[in-house]
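Asks: This structure is in structure tokens; I'll ask about it shortly.
The values are calculated or read from the model by the stated rules, or taken from the named source; none is laboratory data. Please read these numbers as outputs of a predicted model, since none were measured by experiment. Cβ sites come from the backbone with ideal geometry, for glycine too, and all protein chains shown count toward neighbours.
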Amino acid sequence: MAADGFGNIFKLPELKKRIIFTILLLAVYRVGAHIPVPGIDGSALADFFSQMRGSVLQFFDMFSGGALRRLTIFALGIMPYISSSIIIQLLTVAVPYLEKLKKEGEHGQRKITQYTRYGAVALASVQGLGIAFGLEAMRSPSGALIVPEPGWGFRILTVITLAAGTSFIMWLGEQITERGVGNGISLIIFAGIVAEIPSALINSIRLLQTGELTPIAGLIALALMVAVVGVIVFMESGQRRIPIQYARRMVGRRMYQGQTSHLPLKINTSGVIPPIFASALIMFPATIVGFIQNPAMQKMATLLAPGTLLHVVLYVGLIIFFCYFYTAVVFNPSEVAENMKKHGGFIPGIRPGKPTGEYIDRTLSRITLGGAGYLALVCVLPDFMIKAFNIPFYFGGTGLLIVVGVAMDTMAQVESHLVMRQYGGFIKGGKMRGRQ
């Protein structure tokens, strides 16, 4: 049924409209990723980045789809928005006012989203100013100035351009989420990573031709990629099913037999959010540090480069933290237990109410640890293998995880639209309704 449904995607007007809308907005994003910031010598900047292979700047450039390497209006990508979102979500736990807004439903969520946008613009402005100062002090390997005419005119223009670019990307992401298919923010990151595939393949072929990459190493790396994709698909589909029994109930004069169901708990409830959040937190200071031509700052940038001990420890720690944090945000065991109790459901051998909530929380904590370990392993292990085989840094576990995870989530949303449309066909005059 699913195969037939996907074959008829473009026969459903509402779904067709959403998919085309999503593709068009992603195309707009990719066009903007090629419009350079004024006042930059593009060739000198390209020479500079050619010497930064394997650095944290190249790691950031992977998420921006090459926009940072070309220093375009979208050079900062969506990362300032993600960093602001992390900060606001953490503050909702510590600040009573934000906690109150979170409980006010749709109105409170709109206010929190507004604060997140303001924070993103502020962070983008800080990053833009740091990049502007760094660019003025930088030279290409040949000695050419990257900024031919430095000064406050260039700095202010850079800050305004980069902050405006980030704001526009935020708007694109929100429009895709509301009127398109899939999560807009995740799809923008997905589009940036996928757009770099051709250049990564070309670089791999060039390394094979020059002998820097041996055929055996290339085959091993390819096999590793296939294995990682398989692990991602398997783990993202994995879940722990907790059996639920519903008591018999009387409706009028008829007694209805109790039903048996299950509560599915995903091994990785948080999806690709933890690696994205962890990358955003690491890259925010590292981006500014990487552009500052100071021995101490350059040493810090080297320590934060992918594959180093400090980067691995910070990355793994942040991934585990955000796995638990985001799972706690999106899933409330006590609320699930209360809803089960109201509808006459219970877990065999567990008392309804608080004991059920504690049991679900304990089970979820255990499988989340496994999910966090899987995410950390996928994101870190391939980086060491890639460094050993000397192939383009693009083929990292983080990029593969985001591409596969976002693709699976988007296809699941498309399938849900198809199922809704099929169910709507049984209702006279039924029509599929999108997210409001």
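Asks: Which of the residues spanning the range 157-177 are under 26 Å from residue 17 (Cβ atoms) and in contact with a Gly (Cβ under 8 Å, 6 or more places away or on another chain)?
Replies: Within the range 157-177, 168, 169, 172, 173, 174, 175, 176, 177 qualify.
Asks: For the range 166-181, check the following and say yes or no: at least one residue is of a type in the set (Phe, Trp, Tyr) and over 26 Å from residue 411 (Cβ atoms).
Replies: yes
Asks: May I ask you to say which residue of 132, 122, 144 is more than 29 Å from residue 87 (Cβ to Cβ), out of contact with any Cys (no Cβ under 6 Å at 6 or more places or on another chain) and not charged (D, E, K, R)?
Replies: 144
Asks: Related question: Step by step: first the residues of the range 60-71, then only those that are of a type in the set (D, E, K, R) and more than 17 Å from the chain's Cα centre (by Cα), then the one that is modelled with the lowest pLDDT. Which residue is that?
Replies: Checking each candidate, the answer is 69.
Asks: Something else about it: Return a yes/no flag: does the range 218-225 have any residue that is touching a strand residue (DSSP E or B) at 6+ places or on another chain (Cβ under 8 Å), farther than 26 Å from residue 409 by Cβ and either in contact (Cβ under 8 Å) with a residue 40 or more places away in the chain or in a helix (DSSP H, G or I) (or both).
Replies: No, because not a single residue in the range 218-225 is touching a strand residue (DSSP E or B) at 6+ places or on another chain (Cβ under 8 Å), farther than 26 Å from residue 409 by Cβ and either in contact (Cβ under 8 Å) with a residue 40 or more places away in the chain or in a helix (DSSP H, G or I) (or both).
Asks: Taking the range 103-155 only, how many residues are exposed (fewer than 12 other Cβ atoms within 10 Å of the Cβ), acidic (Asp, Glu) and under 25 Å from residue 48 (Cα atoms)?
Replies: Of the residues in the range 103-155, 1 are exposed (fewer than 12 other Cβ atoms within 10 Å of the Cβ), acidic (Asp, Glu) and under 25 Å from residue 48 (Cα atoms).
Asks: Can you work out which of the residues in the range 83-102 that are of a type in the set (D, E, K, R) and surrounded by 13 or more Cβ atoms within 10 Å (Cβ to Cβ) is nearest to the chain's Cα centre (by Cα)?
Replies: 102
Asks: Also, quick follow-up: Just one of 92, 113 is out of contact with any helix residue (DSSP H, G or I) (no Cβ under 8 Å at 6 or more places or on another chain), within 23 Å of residue 322 (Cα to Cα) and either in contact (Cβ under 8 Å) with a residue 24 or more places away in the chain or part of a helix (DSSP H, G or I) (or both); which is it?
Replies: The conditions single out 113.
Asks: Would you check if there is a residue in the range 350-364 being within 23 Å of residue 231 (Cβ to Cβ), in contact with a helix residue (DSSP H, G or I) (Cβ under 9 Å, 6 or more places away or on another chain), buried (at least 16 other Cβ atoms within 10 Å of the Cβ) and in contact (Cβ under 8 Å) with a residue 60 or more places away in the chain?
Replies: Yes: one or more hits.
Asks: If residue 143 passes every condition in (1) closer than 28 Å to residue 43 by Cβ; (2) touching a residue at least 12 places away in the same chain (Cβ under 8 Å) but one, which one does it miss?
Replies: In the conditions (1) closer than 28 Å to residue 43 by Cβ; (2) touching a residue at least 12 places away in the same chain (Cβ under 8 Å), residue 143 misses (2) alone.
Asks: Shifting gears a bit: From the list 6, 74, exactly one residue is of a type in the set (Phe, Trp, Tyr) and either part of a helix (DSSP H, G or I) or at pLDDT below 85 (or both). Which is it?
Replies: 6
Asks: Given the criteria within 31 Å of the chain's Cα centre (by Cα), assigned to a helix (DSSP H, G or I) and surrounded by fewer than 14 Cβ atoms within 10 Å (Cβ to Cβ), does residue 178 qualify?
Replies: When the stated conditions are applied, residue 178 passes them.
Asks: May I pose another question? Specify the residue that is surrounded by the fewest Cβ atoms within 10 Å (Cβ to Cβ); the eligible residues are those in the range 305-326 that are modelled with pLDDT of 70 or more and over 18 Å from the mean Cα position of the chain (by Cα).
Replies: The selected residue is 309.
Asks: For the range 14-34, check the following and say yes or no: at least one residue is within 28 Å of residue 329 (Cβ to Cβ), aliphatic (A, V, I, L, M) and either surrounded by fewer than 21 Cβ atoms within 10 Å (Cβ to Cβ) or at pLDDT 75 or above (or both).
Replies: Yes, that holds for at least one residue.
Asks: Still on this structure, please answer the following. Restricting attention to the range 37-47, and to residues there that are buried (at least 16 other Cβ atoms within 10 Å of the Cβ) and within 28 Å of the chain's Cα centre (by Cα), which single residue is modelled with the highest pLDDT?
Replies: 37
Asks: On to the next question. Counting only residues that are outside any helix (DSSP H, G or I) and at pLDDT 80 or above, which one in the range 182-210 is nearest to the chain's Cα centre (by Cα)?
Replies: 183
Asks: Which condition from (1) assigned to a loop (DSSP other than H, G, I, E, B); (2) buried (at least 23 other Cβ atoms within 10 Å of the Cβ); (3) of a type outside the set (S, T, N, Q); (4) modelled with pLDDT under 80 is the one that residue 54 breaks?
Replies: For residue 54, the failing item is (2).
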